[in-house]
Structure formats: C-alpha cells, structure tokens
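What follows is a set of notes on a single structure, which appears directly below.
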Amino acid sequence: MSKISKEEAKRIAKLARIAVTDEEAEKIGPDLSNILGWIEQLAELNTDNVEPLANVANIDLKKRKDEVTDGDMQQDVLANAPESMEGFFVVPKVVE
Amino acid sequence: MSLTDLTIKGALEGLKKKEFTAVELNQAHIDAMAKHKDLNCYITETAGHALTQAAESDKRYASGNTLKLDGIPLGIKDIYCTKGIRTTVASRILENFVPTYESTVTSQLFAAGATCLGKLNLDEFAMGCSNETSYFGNVISPWKSKSEPNKQLVPGGSSGGSAAAVAARLCMGATGTDTGGSIRQPAALTGIVGMKPTYGRCSRWGIVAFASSLDQAGMFARTVEDTALLMNHACGHDEKDSTSSPREVPDFTQSVGQSIKGLKVGIPDEYRIDGLPEEITAEWDKGIEWLKSEGAEIVRISLPHTKYALPTYYIINPAEASSNLARYDGVRYGLRVDEGGNLNDMYEKTRAAGFGPEVRRRIMVGTYALSAGYYDAYYVKAQKTRRLILQDFEKAYEKCDFILTPPAPSAAFGIGEQIDDPIQMYLNDVFTVTVNLAGLPGLTVPTSLNSDGRPLGLQLIGRSFDEETLFRAGAAIEKCANFKAHPFKGDAA
Amino acid sequence: MSNLIKGNTGEWEMVIGLEVHAQVTAQSKLFSGAATEFGAEPNTQVSLVDAAMPGMLPVINEYCIEQAVRTGLGMNAKINLHSVFERKNYFYADLPQGYQISQYLHPVVGLGEIEIDMEDGSTRKIGVTRLHLEQDAGKSIHDQHPTKSFVDLNRSGCALMEIVSEPDMRSPEEAAAYLNKLRMILRYLGTCDGNMEEGSMRCDVNLSLRRPGEEYGTRTETKNVNSIRAVMMSIEYETQRQMEVLESGGQVVQETRLWDPNKLETRSMRSKEDAHDYRYFPCPDLLPLEFDQAYVDKIKATLPELPDQKKHRFTQEFGLSLYDASVLIAEQNRAFYFEEAAKGNDPKLTANWVINELLGALNKAGLDLSESPVNAKQLGQLVARISDNTISGKIAKDVFAIMVETSQDPDTIIEEKGLKQVTDTGAIEKIVDEVIAENPKMVEEYRSGKDKLFGFFVGQVMKKSGGKINPAAANELLKKKLA
C-alpha cells in the first residue's frame, strides 16, 4: 500500500504547481495515502489480457478540413488576461 | 396555483393561451429567487437578462411565431460558459471570468426560446456530492428533516444549485453536468427528475471540462415529460466536439406515456450492497412492483465488477482532472497571485490560492496516478477495469432492456456531516459512477419522501443511445409513484 | 573514414541522434481553424481553442494527418493504421493547456530510414525511429522587459511532425547530411517548407560519447539548434565539453541543454529540471486515429519521385556522375529544370550547362532558380545548338551571357548576331586557302617537319572566321591542304 511521505507529497504538489507549506505537506501525505490505499483494492482484480478503455465513444475520430475558420480575435483572447501589453500576454520573467 | 409551480408543459400552454406573459412567468421566478436567496442556489443572478429575453418571447407569442421553449425560465449550472455572463465553476480561480463565447448546449436552449435566470451553484469544478466544496458557499436543500427541522440538508452534488433551484421552484428547469452522478444523485436528494444522456449525446463544447471521458451534460426538471422536452434541445451533434455523436436526436417527449408492457427490467444483484438503508431497498422494491404492475418483466442480472467501479472512477476522474485543470495557471484568464517571484512561484501561489481543498486533493491524486512509475498500476489498471465494467453492461443488456437501481445509497444528509471524510463522500457515487464509466444514459425519477420527509427516488440505466426507453419507463414510474410533495407546502404527499 | 576523436586518454566516438520538429505545411492549425502564417501581429492567429479557454475542445485537421502519412511514406517508414493522441503534461507560459497534445506510445509513423550522401560520394542509411504529430507551443519573448516575459500564442497549436532518428550518426558532417536530406525530402513532398530561420524546422541534438565498441554513454539533449551550421557547431562544442568531463573522471549529467547562438555554447536549462515526468495519457477529448491501408495507398499514389530515386535515375538513365546527380536533385525545381532542358539533348552536356553555367550565373546575380532569366526550354535550345554544330561551345557561352541579360531565345541571338558556324565547305576552303597563301614561310616550315605549327594555322583560320567555323572541319581541311 502506498504511503506518501511528506517529501513525496511535496514532489507531487510541485509537479502539479500547487504551493504547499511544510505543515500542509504533513497533512497531504496521510490524506493521499488514505485515498490511494482505498483505490488499491483494484490490484486484487485480474486484468490480464484486458484491453484498456480510454473512451466509450464508439465513433470515428472527427476530422476538419484544412481551412482557416477561426482566430483573428485578439481582443477576445486577451479579454480576461490578468496582464497584457501590446497584444501580448504578460507573465513574470521566465529565466532559461 | 403559483406560476412557479407550473410544469414547463403547463407554462407553455398558459403562455400560448395568453393566460400570462413570459415576463410575468420570469418575474415570478425572479421574486422566488429573491425570497429564497438563503438557499444559495445562484452564484450569479441575471434577472435583467431573463426579462429582456422574456420580452422577446412575448413578442413572438404576440406574433404567433413561437419557439419550442419560448419564455421558459431556466437556471444554468455555472460550469456552462455563457457569453458575457460570469462563469465561475464555483471556484475562486475563475471568480471573475467572463467568457466571450456561449456553450453549445446553452446556445441551443436559448435558441429554442428559453431564458436565463442566472448561474447555478455547484461543487467547485463539479468535484463533490453535496455542493459543499463551492467557493461561493454551500447550497441548502429546500427540503427539511422532520425529526430535526433545524438541520440543513445537502442538495447533493455536484449540480446541487441546479437541483435545489428546480425543487424550490426558483427555475422551471436547469442544466446540469454528470461526471459520476452529479445530475442523478442531486435529483434524487431533492425530489426532482434528472437525466444524464449517453456519452456523446450532448456537446461538451463550452462546458468547463472536469473529466473529459466521463463528463456529460444533462437536464433537470420536475416531471419526466418536462425533462424529455428540455433534452430535445440540449442534445445534438456538434462538429466542435470530437466525441459528440452524429446520431439523430429523437423527440424524447414521444416516449412519455408509451406502455412498458413486455419491457425487461434488469435488477443487478451487486447493487444490493452491505449496509444499504432499509428505506432505500424498500423504495427499490416498490419500483420493481410498479414496473411489474405496468406489465414489465423483471430479470435478475449480474454486473460483477460493480465493486471496482468506485476505485476505477477515482483514478480516471482525478487523472483527467489533473490535466484538464492545468490550464488554470494565472496566465490568460482567472486569478493570478503574483508576489514578485518567478513564473513558477506565480503558478504555485495562484493555484494554491485559487483551488479549494477537494480540487487540490483530486489534482494531486491524479498527478500521482499518472506519474512515472505509477501509471500502469493506477491509470492503465483503471482503464482495463473500465472495459470490464462496460462489458458487464453489454452482457446484461442481452437479457434486459433497462436497469433499475437506487440512485444513491441514502437520502439527503446534513451539511457538514461527511465533508471531512473524502472516502465517505466518494461512496455517495456508488450507484452512479458505473453509468459514466460505461457512457450509458441514466435517469432519476422522484418517488417518495422517507419517514423523515426527505426525498427518495429511483435510477433507470439504459442502453447506449436508448434514452427513449428511460423516458418511457421513467414516466411509468412517475405515474405509479404519483410524487406530489412540495418542499414549501408541508405534507402534500 | 574514421570519425573517432582523440582525447588525452584515448579515442572517443560520438553517438548522435536528432529530433527534428517540422511544421506541417497547412493553412490552419492541428486542432483549430486559426491560421498558421508566419509573422502576424501577436495573438491574432489564435482561436479560443489555442488559448485553452475553459471548455474548448480540439478537432483534428485531416490534411495534417495526410501530410504526416505522406512524410512517413517518403522515409520508407511503416505507417501505423492505429495511432493515439496523448497529453504530455507540463507547465510553461507558452503552453496554454498545461499539456501538449502529442503522440507517445502509438505514433502515426514507425520505423523508416533516410539515405545520406557523404562528401566522398559514399552513402549511409540512418534509421528513423518514428514520426508523430503534435501541437506546437506559443512563443515567449524574454528581452522586452526587465521583469516580465511576453507571450504570443500565434504558433500555439500549429501542427508539428516530430521526426526522431536512431542514434546512428557519428560525426557533425553526418548530422548535417541527415538534416540536408531530411529537409530535401520534406520539401519534395511539400509537407514542410524546411525553413529553419522562421522556425518551421527545428532540431534538438542528442549526443553522447563512448569508447569505440563500448556501450552508449549518458547523453545530453541540446535544444534550440536552429540551423545546420549550428547543429554542427553544437555537436563540436558538446563533444569537447563531454570529453573534458569524462577525461577528468567526471560523469556526464543526463539533461536538457540550450544552444546559445551568440556565445556559441550549450548550457544547462534549469527550467526543464523537473520536466521529465510528463504524465502522458491518452487525450480523452480525441479518439484514436484510425485509417485503412487504402487510405495510405491513395496517398502513396500521389508521392512525387523522391530525391534518392531521382539521383539513382539520373546516374543510371542519363549516365550522370553521382556528384552531378546530387547537385541536380538538391532542389526539386532544379531537377525539374534539368529534365526539361535535357529533353532531346545530351544529358551530360545539359547537366554541365545547368550546374556550371546556369547555377553559376544565378549565384552571381543572387537569384533563385525560380527567378532565372533563362528558362529550361531556352537552355535546352542552347545545348541543342552546340550539339548540332550550329555554334561552338565557346560561342555558346557568349550567347548564354546575352540570354542572361535579355531572356531572349538562343536562336534569336544566334540569328541576330550572325553567330552561326560556317558549314559551307566552299567558304571554309576559301578561308583556309587564304591563310595558306598569306603565310608561305610558315607553310614551308610546317611541311619541313615543324608539326607544332599546325595550331597556328587553326588559330588563324578561326580568327579570320570570327570563330564561326567548326574547328573540326577547319582541322580536316587544313590537314589536307598542308599535306
């Protein structure tokens, strides 16, 4: 059964880009462990030779023609932006 | 009779006969909304918008050029993007988000003449079974416990605002979405009708995505026929949704009132779970008797992988959610918490502040289930189990035409009773998630109040794209149950 | 040819694999109807789907699928009738969805190969592991503001083909040859314009070192290498760097590095530190991509002759040298030009004229072949006039110079300038007789055994005729008369 340590909890939170304090990380570990432990009852089921099912939709993949039918709506695209300038979204500086 | 107590069908007749105007009908609901603000059903009220739409409807009634839902006031679950109207998903992260576009389902409803009273409360990002995870506060069910009249009951979730508003006569019908039971469970807990159609029946375009392979739009109303009428307009093929089905949408109202004689009703052994309250089992048995009395044949069926449905669901759902919710990053819309750090600091602080505890929990479970080293054990395993669950249903439908089950393992519980125990909360989905995993249609019909005055209902599960049988059988149950209780009128039953 | 490099502690071998991102030539994006044109105002070629607005859904562009299949066929690759779009999850300012829709376990194209041509005329086959379709990201601009980055999503969602090679290359030259050939194939197929400057073809370099014959070492991935020259330089830089690390007893860290085109060096990319857990899973908004063999065959039937096929045909059918053939097939329109010009002509002579005269002249004028003042038909006519002895090769060069100036037909020029060779034997005899008569002393010396003087007589005859006499005819007659 999965036991999520504080460090593991922090790693997951970082991967998910959710800030957690040390204190929160202490609580997240057992909380996630609890849920994952419950989920792990699946392990008892034999699923050898079962094909995974990703989507039940029983249709062919829908396809579009290669035509320009959208875009050219800079105002709409930026309408809800927390910060924008000269047509760009603006974010805190990214350091490569 | 108050205008708010009318059925949609009744209201359309009254409007046509000019017994009242669409503006009057909408105003009556707007007044009711004001009166019952304490239930916290609406996150955003759009009374002015509804009255403008209603005035347009009245013009059409005057000219005789009416639409199918002309003037009918609806509430819209605040997960449907509505052009120019704030759409929050009950989350702080989208508290001030105003879409520049209209979801396909709502545009179809409004094109049919329906009006928009406002945006209905829900569990944050539809993650919950009790409407207690909303950033805008919990919704209170209009129903009361007889034994504890001061106790506030949950309306169910995630479409808790929709269900409570329809039950409380704060709109005539409402949109919902159902990822694991979010229409059928709250419908049951609030004594109304709720339909989740087959996956692919309704377009998902413009509905904030939660778990894309499970999400499906649907409708609430107080009668099966009203629900069928609303579904006529909610369904339909959409080129903008790759998973939307090109199948023709039948007139669902035609199914209402048709005999169910000779239909085979499957009763799954595995749904008789341990610890199921006696009143739930009794209601189920009543349902079986009603269907028998209407000429249906009862068949015992087996859905052997039922017990694995919840864990399967609680892998697939958070996994897809963790990815679907990655776009809420404070860059293009929504909340941004920027305390002068770098881009990553902004992401982490924005998402920590913008998402509530249940959303953060699901994102983390999903992130873990998809992460390197765990993917096969969790996600792939769940996908395989999902196939077994689908195959269970396919086998069962060789023997029956639809399946009858309870919609939820209990009647409405009290606010705060389960919120601290996530697994306890997840168990509320036990009878509904299988349907989403298999992509099938499901209908909840209200049947009675329990001894404590809380609504009970039944769930009907159909074959893929066979909503018609559900409306047919649902209407039969509705007729037999003759459920007339009204949350504000005491023991009407 | 050994590609081994000498270090202080012995020899090392480079192991190079390339990941090429080629933007699919298409009007609209992979999953939205927004335009793909390069250079538009920021965020104007962005749909709500590309900006990942809540509730937006992808619908695939069928032409992009066709282009990917076409490219796969052009690399002799296995086309997978079933492939799956998956989400690659990571956070970045120019990745609006928080994931990239890509293909992972089941790409649309599987194993293939590309034949590369080396300087010495030899060829090698480089394996292609796979080709898959994916969305491009937007663009972040970091140098416009001291504390902010600017994001433009115009490129977000454009269709890319990621073409991954096997680690089969052993030198910067091989890497360059691979890229050249790949680009040539893409251009022939019309599936990518191959323009590295505009970023429609980009390259990541995977490089490791090993002792000859030993197991692969730890590799680094260098991103942002956006010209063939830069690829070669980055390989050389990274080889030196890794060699220094290894020879000083250190270990190469498996990491993503960035090529700095200004400092000409690679450096570690911190932003990619935790990017290795991409949490791929099938995109639930899309169904698997499935098509039948008939679809593939239909596309196959429309494939043009590819560079290598052309090259082989040119050497076999036309007897051209491998070098000439390689030069001619380097660009599809060049090969078309050659074949048009060679119609009814001596192919080798035509090849010489295309390669030496035409390309030389265009190069000097800074013109592309498509802007050539001399069309293929005209050049063919000129070659024909040499072959049928209307003009000599020497005169032909003068005619060609006029053609480049005026775009006139060679026949017109020959006619107007009276450059036609004298073929009338009487006229030639007259000139020969004159030359003999005018140089009695020389004739005497020649006849007494000074054979070398023959050239003098030929020169005189040519001079007198203004170069218009066929030298062979002049020779023959002179020999007879001087005997």
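The values are calculated or read from the model by the stated rules, or taken from the named source; none is laboratory data. A quick note: this is a predicted structure, and the numbers were derived from the prediction, not measured. Counting neighbours? That spans all protein chains shown, and the Cβs are built from the backbone with ideal geometry, glycine included.
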If you go through B:Ala481, B:Ala475, B:Ala485, the only one that is surrounded by 21 or more Cβ atoms within 10 Å (Cβ to Cβ) and small (Gly, Ala, Ser) is B:Ala475
- Does region B:473-488 contain any residue that is outside any helix (DSSP H, G or I) and among the polar types (S, T, N, Q)? yes
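Condition check ((1) buried (at least 24 other Cβ atoms within 10 Å of the Cβ); (2) touching a helix residue (DSSP H, G or I) at 6+ places or on another chain (Cβ under 7 Å); (3) hydrophobic (A, V, I, L, M, F, W, C); (4) in the same structural domain as C:Glu62 (by TED's automatic domain parsing)) across all residues:
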position: C:Ile141; (1), (2), (3), (4): no, no, yes, yes
position: C:Lys148; (1), (2), (3), (4): no, no, no, yes
position: C:Arg155; (1), (2), (3), (4): no, no, no, yes
position: C:Leu160; (1), (2), (3), (4): yes, no, yes, yes
position: C:Glu166; (1), (2), (3), (4): no, no, no, yes
position: C:Glu174; (1), (2), (3), (4): no, no, no, yes
position: C:Asn180; (1), (2), (3), (4): no, yes, no, yes
position: C:Tyr188; (1), (2), (3), (4): no, yes, no, yes
position: C:Asn195; (1), (2), (3), (4): no, no, no, yes
Listed by first then second residue, the pairs whose first member lies in region A:51-71 and is at the interface with chain C (Cβ under 7 Å from one of its Cβ atoms) and part of a strand (DSSP E or B), whose partner is crowded, with 16+ Cβ neighbours inside 10 Å and among the hydroxyl-bearing types (Ser, Thr, Tyr), with beta carbons under 7 Å and at least 6 positions apart or on separate chains, are A:Asp70/C:Ser32; A:Asp70/C:Ser47
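Residue-by-condition table, conditions (1) surrounded by 13 or more Cβ atoms within 10 Å (Cβ to Cβ); (2) out of contact with any Phe, Trp or Tyr (no Cβ under 7 Å at 6 or more places or on another chain); (3) hydrophobic (A, V, I, L, M, F, W, C); (4) at the interface with another protein chain (Cβ under 7 Å from one of its Cβ atoms):
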position	(1), (2), (3), (4)
A:Ile4	yes, yes, yes, no
A:Lys10	yes, yes, no, no
A:Thr21	no, yes, no, no
A:Ala25	yes, yes, yes, no
A:Ser33	yes, yes, no, no
A:Asp48	no, yes, no, no
The residue from C:Thr425, C:Thr390, C:Thr412 that alone is exposed (fewer than 14 other Cβ atoms within 10 Å of the Cβ) and hydroxyl-bearing (Ser, Thr, Tyr) is C:Thr425
Inset, instruction - Determine, yes or no, whether C:Val354 is in a helix (DSSP H, G or I), at pLDDT 95 or above and crowded, with 20+ Cβ neighbours inside 10 Å. - result: yes
- Go through the residues of region C:189-210 one by one and say whether even a single one is of a type outside the set (S, T, N, Q), touching a residue at least 40 places away in the same chain (Cβ under 8 Å), assigned to a helix (DSSP H, G or I) and more than 20 Å from C:Leu4 (Cβ to Cβ). yes
(Q) For the structure I just gave you, tell me whether C:Gly418 is exposed (fewer than 15 other Cβ atoms within 10 Å of the Cβ), at pLDDT below 85 and more than 49 Å from the chain's Cα centre (by Cα). (A) no
Restricting attention to region B:378-412, the residues that are within 14 Å of chain A (Cβ to nearest Cβ) and among the polar types (S, T, N, Q) number exactly 3
The condition of being at pLDDT below 95 and either out of contact with any helix residue (DSSP H, G or I) (no Cβ under 8 Å at 6 or more places or on another chain) or not basic (Lys, Arg) (or both) holds, among C:Asp297, C:Asp277, C:Asp285, C:Asp292, only for C:Asp277
Those residues of region B:345-377 which are facing chain A (nearest Cβ under 7 Å) and either in contact with a Lys or Arg (Cβ under 7 Å, 6 or more places away or on another chain) or of a type outside the set (A, V, I, L, M, F, W, C) (or both) amount to B:Met346, B:Tyr347, B:Glu348, B:Lys349, B:Arg351, B:Arg360, B:Arg361, B:Thr367, B:Tyr368, B:Ser371
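So that you can scan it fast, the table gives a plain yes or no per residue for (1) surrounded by fewer than 16 Cβ atoms within 10 Å (Cβ to Cβ); (2) away from chain B (no Cβ under 14 Å); (3) under 30 Å from C:Lys311 (Cβ atoms):
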residue	(1), (2), (3)
C:His82	yes, yes, no
C:Phe85	no, no, no
C:Gly98	no, no, no
C:Ile101	no, no, no
C:Pro107	no, yes, yes
C:Leu111	yes, yes, yes
C:Asp117	no, yes, yes
C:Gly121	yes, yes, yes
C:Ile126	no, yes, yes
